[in-house]
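Undergrad: Okay, here's the structure, questions in a sec.
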Amino acid sequence: MNRKAKIKEKIVCFCYNVSETTVIEAIKGGCKSLMDIRRETYASTGCAGCSEEVKKLLRKHATEDSSEDGETEESKVSNG
């Protein structure tokens, strides 16, 4: 059988079906805070149960970007 392999994406926000990839792309696109992510993707705007996971992604991926730019993590990430 020839079935196309489906890659399952990790869902971060089940209320709005927002994937981890979508959140990471938003961070790389300039989102620097939880509020930025909420505005861009709607993640964490329903029950907010995913807010800690979204913040963890922000810390991880904003830090990766800041190492390229020479900026500190504190200047890139806010809880707002």
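The values are calculated or read from the model by the stated rules, or taken from the named source; none is laboratory data. As the structure is a prediction and not an experimental result, all values here were calculated from the model. Every residue, glycine among them, receives a Cβ derived from its backbone with ideal geometry; neighbour counts consider all protein chains shown.
Undergrad: Of these, Ser19, Ser44, which one is out of contact with any Gly (no Cβ under 7 Å at 6 or more places or on another chain), hydroxyl-bearing (Ser, Thr, Tyr) and crowded, with 17+ Cβ neighbours inside 10 Å?
TA: Ser44
Undergrad: For Leu58, all conditions in the list (1) modelled with pLDDT under 95; (2) among the hydrophobic types (A, V, I, L, M, F, W, C); (3) closer than 20 Å to Lys10 by Cα hold save one; what is the number of the exception?
TA: Checking Leu58 against (1) modelled with pLDDT under 95; (2) among the hydrophobic types (A, V, I, L, M, F, W, C); (3) closer than 20 Å to Lys10 by Cα, the one that fails is (1).
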